[in-house]
Every structure is written in structure tokens, then in C-alpha cells.
DNA sequence: TAGTATT
């Protein structure tokens, strides 16, 4: 099998229009193979607006999207730009690929048509010979398919290889074949066998990432000395919950009128009585794209969630900006509210509270 | 023995 070796060492745009071999127009999808670009290695702090501004300077953009973590709203460091004119897409590659932004060198290339077959095609390779360079590693793997990206990790100080790398294939099936063919094999002239396996999927870390993010967010929001105890208390609670430790709020009687009064007085509002299902929480300032999974994942780490609901516009089916979450236990609901109210999700700041009873008109 | 490329 003859395959193309594509070096990513110079962050070259390496896949031309139609290079993925999928004919457009056969499935009713618009042919955007010559206008749709993927942009990689973006600085972590780049916003959607900056992203649009940078690529909009080339020509008219049909659409663009900075891809962000669905739960934390953090940039994932890549995005898509679809131009109106294919010439502008070409121009963007020629002028912006390799552009240095902060510590990153961005890569601009044509996006491959989205498909399940290209997902989860990233491999983690360890025990590589320390003298093997990126090109040699690519040559070793290229017999199994088309390589999209490759990287060898190096010591920050000495620059010497750590014997660890990544290889992303065009297709998952190619990655599978590479594992079969190379895992446990000794490269020519090496005495130690290499390990080849699928790279960890970043989405598997979102639970921990969320807690870390909340920890930082909460720490930033309670910096005043008067709130020091409150801050410590909340951060400890987050950590305890992450390890399944009983919440320190558990000493409070659950569903107790005293507890309700204390919160009511603090908030200055009256609460609906807990239903048999639990405590209803109002979540405001969700994006139009928000769905139920976001609410599950946001509130799940705090305890038992029995129901979530995103309120949608009847005609567009887009979120109207708010939703509800029902949690079984008062203390867990209170902790979720304390932690998530004011939480920044993407470019929005959430408002989270117990659902209040609407004042009835006289 | 861990960076981050599919909307």
C-alpha cells in the first residue's frame, strides 16, 4: 500500500481540497471542500471575536466557529472558518498558516469532510528510541495510512526526546492497523519494543476539568478576607465531592423549614416548597445551543440530579436562555448554586438560584 | 507515560 507521507513539522497545510476522497453532492451536503478551513494550535485565550476578526480580514466569511469545551466553555484551541469565496480560503492558508500568535504557531488547512471514520484516530506512542526524530517516526507509521499530525515530546530544557509521541491518522481504521502492526515491536536497530495505543480522549477528563475550573473560578470570586472561611469551605467541599466524601453541609437537616428560612432570608426571596422530586434550580443565561447534557454535566458533580430541562423556542428548537435542574438533596443543591452562580460558561455568566415562586397578581 | 484536528 502506497501512502502519502505528510510532515507536520513546518505546520504546512497538508490536505488539499477534495483530498479526503469523498465526493460532495452525493449526500445532499453543500460542497464546502474548497471554502472550509480548520485552524489548529490557536492560543488558549483567543476568543470567538478575535478568531472571526483575524480570518475575516482575508475575505467574507460564510461562517466560523471557535470550538470550545461544551461544559467549561474553554477554547479547545482549534476552529473552523468557511469562506464565501474559495479564493479567500486559499489566501487564508497562504497568509495565515504558520502565523505565530503568542507562544503558538497556528496551522491553517482545508477541513476534511466530517465523518465518524476520522474520529478517535490519534495514537499515543511511548518507549520510542531517544534518537528517533519526527520524520523517522512518521516513516515508521506511514505504512498504515495517511498521517495528519505527528509530534515527539521533548524535554523543555534540554530539547532531547522523551521517547513519547503522538500520531494522528486520517482514519480510525488506519490507527487500529498501526496498533496491530507496531505495538510491542522493536524499531530497526532498537532493543526496546515501543508501545502504541489510542491516545486518551480529552472528553474523558471533563469531570475533573470542570472541578478544577470551578476550583479556580470560585477561588477568584471569593478573594476578600471577610469571605475567607466561605472560600475555604466551598473549595474543600468541591474536593471532597470529587472523591465521594460526604459533604460538610450534611449536618444540616434536609428539607428542614429552618434551612429553608436561612436561605430565604439571605436571598430575600421566597422559595417554592420542595416537591416530592426534590429541589428545583433555575439556570439563566444559557446559550441558544445549550442542551440537557450540559445541565447534567454541570450539576452532576454536586450530587443527585433527578431531572434537567432546557426551555426551547417552539419554532426554532433553540434554547431560550434558561433551564431547570432538579436535585434530590438540599445541601447538594445549595452547593451547586453557590458554586455555579456567576460561573462563566463560554462567553456567558450563569445565574443560578433556587427556583422562586412567582408573585401572584392581586 | 500525555497533547489536544471535525463543527
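The values are calculated or read from the model by the stated rules, or taken from the named source; none is laboratory data. Computed from a predicted structure; not experimentally measured. Cβ atoms come from the backbone with ideal geometry, glycine included; neighbour counts cover every protein chain shown.
A few notes on this one:
- Counting the residues of region A:91-111 that are at negative phi and touching a residue at least 40 places away in the same chain (Cβ under 8 Å) gives 14.
- Scanning region A:145-157 for residues that are over 26 Å from the mean Cα position of the chain (by Cα) and at pLDDT 95 or above gives a single hit, A:145.
- Residues in region A:118-139 that are over 25 Å from residue A:66 (Cβ atoms) and within 24 Å of the chain's Cα centre (by Cα): A:123, A:124, A:125.
- Residue satisfying condition, being part of a helix (DSSP H, G or I) and within 23 Å of the chain's Cα centre (by Cα), within set A:109, A:142, A:53: A:53
- Within region A:314-329, tally of residues that are touching a strand residue (DSSP E or B) at 6+ places or on another chain (Cβ under 6 Å) and either more than 24 Å from residue A:288 (Cβ to Cβ) or in a loop (DSSP other than H, G, I, E, B) (or both): 2
- For region A:66-75, the criterion of being assigned to a strand (DSSP E or B), more than 14 Å from DNA strand B (Cβ to nearest atom) and modelled with pLDDT under 95 is satisfied by no residue at all.
- Residues of region A:112-136 that are without any contact (Cβ under 8 Å) to a residue 60 or more places away in the chain, more than 14 Å from DNA strand B (Cβ to nearest atom) and in a helix (DSSP H, G or I): A:136 alone.
- Of all the criteria given as (1) crowded, with 21+ Cβ neighbours inside 10 Å; (2) in contact with a helix residue (DSSP H, G or I) (Cβ under 9 Å, 6 or more places away or on another chain), the one not satisfied by residue A:294 is (2).
- All positions within region A:42-65 that are near DNA strand B (Cβ under 10 Å from one of its atoms) and surrounded by fewer than 17 Cβ atoms within 10 Å (Cβ to Cβ): A:44, A:62, A:63, A:65
- Residues in region A:83-106 that are over 21 Å from the mean Cα position of the chain (by Cα), surrounded by 14 or more Cβ atoms within 10 Å (Cβ to Cβ) and either part of a loop (DSSP other than H, G, I, E, B) or within 11 Å of DNA strand B (Cβ to nearest atom) (or both): A:83, A:85, A:97, A:98, A:99.
- Screening residue A:173 with (1) surrounded by 15 or more Cβ atoms within 10 Å (Cβ to Cβ); (2) more than 26 Å from residue A:103 (Cα to Cα); (3) free of Cβ contacts under 8 Å to residues at least 60 places away in the same chain gives one miss only, at (1).
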